[in-house]
Every structure is written in C-alpha cells, then in structure tokens.
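These notes are about the structure you will find just below.
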Amino acid sequence: MSKEVIIEVKEVSKRFGSTVALNRVNIVIRRGEIHGLIGENGSGKSTVTSIIAGMQDADNGEMFYKGEAWKPENMIYALDKGIGMIVQESGTVPGISVAENIFLGESEQFRRAGIVSRRQMVKEAQKALDSIGAGHISAAMPTGALDFQNRKLVEIARVMRKNPEVLVVDETTTALSQMGRDIIYGICKKMKEENKAVIFISHDLDEIMNECDALTVLRDGKIIVTFNKDEFDENKIKTSMIGRELEGDYYRSDYDDTYGKEVVLEVKNAQYQDKLKDFNLKLHKGEILGVGGLSHCGMHTLGKILFGATKPESGEVLVEGRSIKNEADAMKHGIGYVSKDRDYESLCLNASIEDNISAGGLDKFAAKGFFIAPGSEKKYVEKQINDLSIKCQDRKQYVSALSGGNKQKVVFGKWIGRGSEILVLDCPTRGVDIGVKQAMYQLMFKMKQEGKSIVIISEEMAELIGMADRILIMKDGKSTGEFMRSDRPKESDIIHCMI
C-alpha cells in the first residue's frame, strides 16, 4: 500500500491495576483512509485511541505522528497539533452555554479590555455549528437544555473547528439519529478526500463495513487481525472479535408472535408537548413490543412516560388498572426502565457496582425495609454479577471503570434483581459489542418465556424485526404503523411508515 503513514503505534501497553487493557499493540493509520477498530467491550479500542488523542499515557511502547515521536501532554495539546477525538459518552459541560463548550479553555481569545466578549464567542461558535450542518442548535443556549444527540453535535463542532488531520470517532454514531450519523459520515468522507485520516470505532458491523477502508480487530488488549476493504467478511470479522463462533441464536429464530391476552400496561390518550399526540398503547403479558421511528418521533419521550419519569399533560399510564404517577409508583408496580442516556439517567458512575445494583432492590433485601444486612446485599449483588457475567474486579469496583457493555449489564441487573415484570428498554444495546448484544437478546427472549413483558424502543431496524412480537412505528408523536412478527415484516415497509 503506497498511502503515507500518518500515525504509527508500536508495542504500546497499558494496565489498569491488575487488568491488562493493551498488550504490545501495533497499529498503522494512513492518510486518505477511514480505519475501523472493532472488538468486544474491554478489548482495548477506546484505550489505544485515548492514548493517541492525549487523554491518557501508555505504560510502555512508542508512537509516531507524521514521522516524529508522539507523546501528547493532553487532549487540548493533541487537538492543537491536529488529532481530535469525539468520545463515546458525553464530553460537554452542562452548566455552561453551547458557545462556552465549543471554546472550552480558549475563551481568552475573545477578551477585550479585560472582558470576554460573549457576543463574539457566540457568533464564532454558531459558525462552527453551521459548518458541520448543526445550525439548528443555537450557540447561545445552555448546553444542559440539549438532548444527548445535540450535545454530541456540539462536541463534533468543537473538534472540527480546529480542522484536525486525524479524527477519532469513538462509538459516536450510536447516540445519533440518521441526521446526526449522516453528519459524521460526511465529515469522515471529506477528511478522506482531503488526504487526512479517520479512526472509526463502532460496534455496528454493517456501519464499519460500509464506511471504512480498513478494519482492525482487537481482543483482550491485543491486535488480532487487520482486514483491507476487499477482505471484509462478516463471519470472519465476528469470529475474530470473540475468538469463537457465535453459539445459539443471535436474534430470535422463531416467527411466533404468541403472547398472553392480559394487558399489563396501557397508555390512554397521552398528550405531551409535540412528542405524543393523543397516543394509545397496550402491552400484553409475555409480549415483546418494539417501538421504532426516527430519533425525534416521540418514542424516547414515550419511554420516560411509561416509567413515570415524565408526566403526560393529559391522558394516563395504567398498570393493572391503576394510574402511574411517578418513578416510585412505577417501580412499586413492577416496571423497570433502561434509559438511552445510560450514564446520565440509569447509573451513578462515581459509585460501585454494588451500590448501583442494590439501589434498585433495597425493598427486596433490606430487613423491615430499611436495615441493610451486608451479607444479604452481597448475595443479592453477586447473583446479578454472576448471572449477567459482568466483567469486573469485584462488586466494589466503580461503574465508571467498566466498559459500555458491562455498564449496561449493571443497569439490567438493577431491574432484573428486583424481579421487574415489565421492562422498558430504550436503545438497550447502544454501545455494546456483538457478544453482549447476543446475551441481551437471549435474556430478553428468556424473560418473555417466563411471562414477563418488554418494550424495546430502538432506532435499529434489525433489532426490532429480530426481537419483537409486534412493532409499533411512530412519527410526529403518533402511531403510523403496526407489524406482527408472524407476517415477517420487511424493513422497507416499516421505513415507509417512519418518513
């Protein structure tokens, strides 16, 4: 291959305590290339790119950038030198404006006569947003008022304003609607055309195969293989990722949409701003109900309303004929909720696995409802760690140190541990690898067989078709289509109801 090497990683290793995150990793990134990294959670993808981008140091090894030794002091230094990174989870500060986030640490350039010109900062920040196609976001507004997707677009604008020569995209597209994804894809293609380079991390194998020119597979902190575009093969890549053939079904193999007649959850004439418009829904015992649509169709608001986290302006949510007023009420009636915005709404990152899982089940194992016996709590938590195969040092490990897939398992453990009969899952496999996805799908099907009921809210069409007994499609806060599993719905028919 004749393309010029822009980044070279040689024999790089990294440990976190007793955990080996990277073991003598070697990677070559070339100009004019979108280079994919893929692997299971904890394989080392984010670790190696965070070292390249200055987020942390390597323990051993060396790196070269444009032919010279590369050891960035921090991410700001790396971005100034031409290497920018868009991280997987939120990288914005909620308590300040969009403009202040875009110029984080650089506000001095707008200082005039000792005073920072907010007006000039907002003007320049708006240019940065407009340049990536995110002009719908006002640079003057508070960042905390934005949803997860738009906060992510603010991060992209912050990085792209510096016109980097190398862009690291770490699991960013999983948080974005199709519009957001198209913005990312467009930026990547433009950088490729300009003879720059992109390192693209994703768990979405179809996305990787479509967007990338080369693909490196990592497993347990080691490089397993690098495929060029003409060598891409889905089965070979999957086998390389997990070190074995996937056993058992990935999605469900049956086309039986049988479930109980009993309605366990009902939404009646729910109205909420422009997100839900006189909306109705029924969930049956033992049913997996899929809810899909474009990102702003109202489905994510629906998930919050089902759990009582958002109260409808009119209408109601009923369980066993009783109206759900708030989250505590929902939990009392056996409802669990996995938020799309996992790190903000489903987990306390600066707390242990034990604290996060036990928080959902205090009323289940605490004596007389308030006295916590350490032995009972330990038994309760370790059962979930073992049943869900959560990879961790021990139950006391902080959740912030876990991979995306293991974080999500902790969320599942919180609700499964307390015996939730109804689970509302909003984008439950966002940011998790193929092996964890399969485990989650098999868990969902097992729960269905046990008579539990599940609502899957997802932007992944294959996930809905693969798992749901019934699919409900939303557009502009209304239901626009319904598809039964037994009819083997086609993706094209479903998409037609979305747009």
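The values are calculated or read from the model by the stated rules, or taken from the named source; none is laboratory data. Please read these numbers as outputs of a predicted model, since none were measured by experiment. Quick reminder, even Gly has a Cβ in these numbers, built from the backbone with ideal geometry, and neighbours come from all protein chains shown.
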**Prompt:** Just for the stretch 138-167: of the residues that are modelled with pLDDT under 95 and of a type in the set (Val, Ile, Thr), which one is surrounded by the fewest Cβ atoms within 10 Å (Cβ to Cβ)?
**Reply:** THR143
**Fill in**
Given (1) in contact (Cβ under 8 Å) with a residue 24 or more places away in the chain; (2) out of contact with any Phe, Trp or Tyr (no Cβ under 8 Å at 6 or more places or on another chain); (3) not assigned by TED's automatic domain parsing to the domain that holds GLY321, ASP230 misses just (1)
**Request:** Output yes when any residue across the stretch 188-204 is outside any helix (DSSP H, G or I), under 22 Å from SER403 (Cβ atoms) and at pLDDT below 85, and no when none is.
**Result:** yes
**Asked** How do the strands (runs of 3 or more DSSP E) wholly within the stretch 437-495 filter down when requiring 1 or more residues that are touching a Gly at 6+ places or on another chain (Cβ under 6 Å) and crowded, with 19+ Cβ neighbours inside 10 Å: which remain?
**Response** 453-458, 470-475
**Request:** Report yes if some residue within the stretch 260-274 is under 20 Å from ARG470 (Cβ atoms), in contact (Cβ under 8 Å) with a residue 60 or more places away in the chain and surrounded by fewer than 16 Cβ atoms within 10 Å (Cβ to Cβ); otherwise report no.
**Result:** yes
**Prompt:** Going by the conditions given, is GLN438 modelled with pLDDT under 95, in the same structural domain as ALA309 (by TED's automatic domain parsing) and touching a Leu at 6+ places or on another chain (Cβ under 7 Å)?
**Reply:** yes
**Request:** Select from the stretch 1-31 the residues that are in a loop (DSSP other than H, G, I, E, B) and either among the polar types (S, T, N, Q) or buried (at least 17 other Cβ atoms within 10 Å of the Cβ) (or both) and list them in ascending order.
**Result:** SER2, SER18, ARG31
**Asked** Do we find a residue being among the basic types (Lys, Arg), surrounded by 13 or more Cβ atoms within 10 Å (Cβ to Cβ) and more than 17 Å from VAL424 (Cα to Cα) anywhere in the stretch 275-289?
**Response** yes
**Complete:** Condition set surrounded by 19 or more Cβ atoms within 10 Å (Cβ to Cβ) and part of a helix (DSSP H, G or I), scope the stretch 174-187, selection modelled with the lowest pLDDT: answer is ALA175
**Item:** Single residue of the stretch 128-168 satisfying the filter (in contact with a Lys or Arg (Cβ under 8 Å, 6 or more places away or on another chain) and part of a helix (DSSP H, G or I)) that is farthest from ASP182 (Cα to Cα)
**Value:** THR143
**Fill in**
Looking across the stretch 391-404 at residues that are touching a helix residue (DSSP H, G or I) at 6+ places or on another chain (Cβ under 7 Å) and at pLDDT 90 or above, the single one that is nearest to VAL87 (Cα to Cα) is VAL399
**Message:** Return the pair list, or none, for Cβ contacts closer than 7 Å from residues in the stretch 481-499 that are in the same structural domain as ALA462 (by TED's automatic domain parsing) to residues that are acidic (Asp, Glu), at least 6 apart or on different chains.
**Reply:** MET484/ASP257; ARG485/ASP257; ARG485/ASP469; SER486/ASP256; SER486/ASP257
**Prompt:** Within the set of pairs 6 or more residues apart or between chains, which connect a residue that is in contact (Cβ under 8 Å) with a residue 12 or more places away in the chain inside the stretch 397-416 to a residue that is part of a helix (DSSP H, G or I) and among the small types (Gly, Ala, Ser) with Cβ atoms less than 7 Å apart?
**Reply:** VAL411/SER346; LYS414/ALA359
**Request:** Name the single residue, out of those in the stretch 346-393 being in contact (Cβ under 8 Å) with a residue 24 or more places away in the chain and acidic (Asp, Glu), that is surrounded by the fewest Cβ atoms within 10 Å (Cβ to Cβ).
**Result:** ASP363
**Item:** Listing of strands (runs of 3 or more DSSP E) fully contained in the stretch 207-324 that carry 3 or more residues being closer than 28 Å to GLU11 by Cβ and out of contact with any Cys (no Cβ under 6 Å at 6 or more places or on another chain)
**Value:** 214-219, 222-228
**Message:** Any residue in the stretch 445-456 that is at negative phi and not assigned by TED's automatic domain parsing to the domain that holds VAL291 sitting within a Cβ distance under 9 Å of a residue that is assigned to a strand (DSSP E or B) and of a type in the set (Val, Ile, Thr)? List the pairs, counting only those 6 or more apart or interchain.
**Reply:** none
**Of the criteria (1) modelled with pLDDT under 90; (2) crowded, with 20+ Cβ neighbours inside 10 Å; (3) among the hydroxyl-bearing types (Ser, Thr, Tyr), which one THR216 fails** = (1)
**Prompt:** Which of the residues belonging to the stretch 105-119 are surrounded by 14 or more Cβ atoms within 10 Å (Cβ to Cβ) and either of a type in the set (Gly, Ala, Ser) or not in a strand (DSSP E or B) (or both)?
**Reply:** GLU106, SER107, PHE110, SER117, ARG118
**Item:** Residue in the stretch 66-86 that is among the β-branched types (Val, Ile, Thr) and part of a helix (DSSP H, G or I) present
**Value:** yes
**Request:** Can you work out which of the residues in the stretch 32-65 that are of a type in the set (A, V, I, L, M, F, W, C) and assigned to a strand (DSSP E or B) is surrounded by the most Cβ atoms within 10 Å (Cβ to Cβ)?
**Result:** ILE38
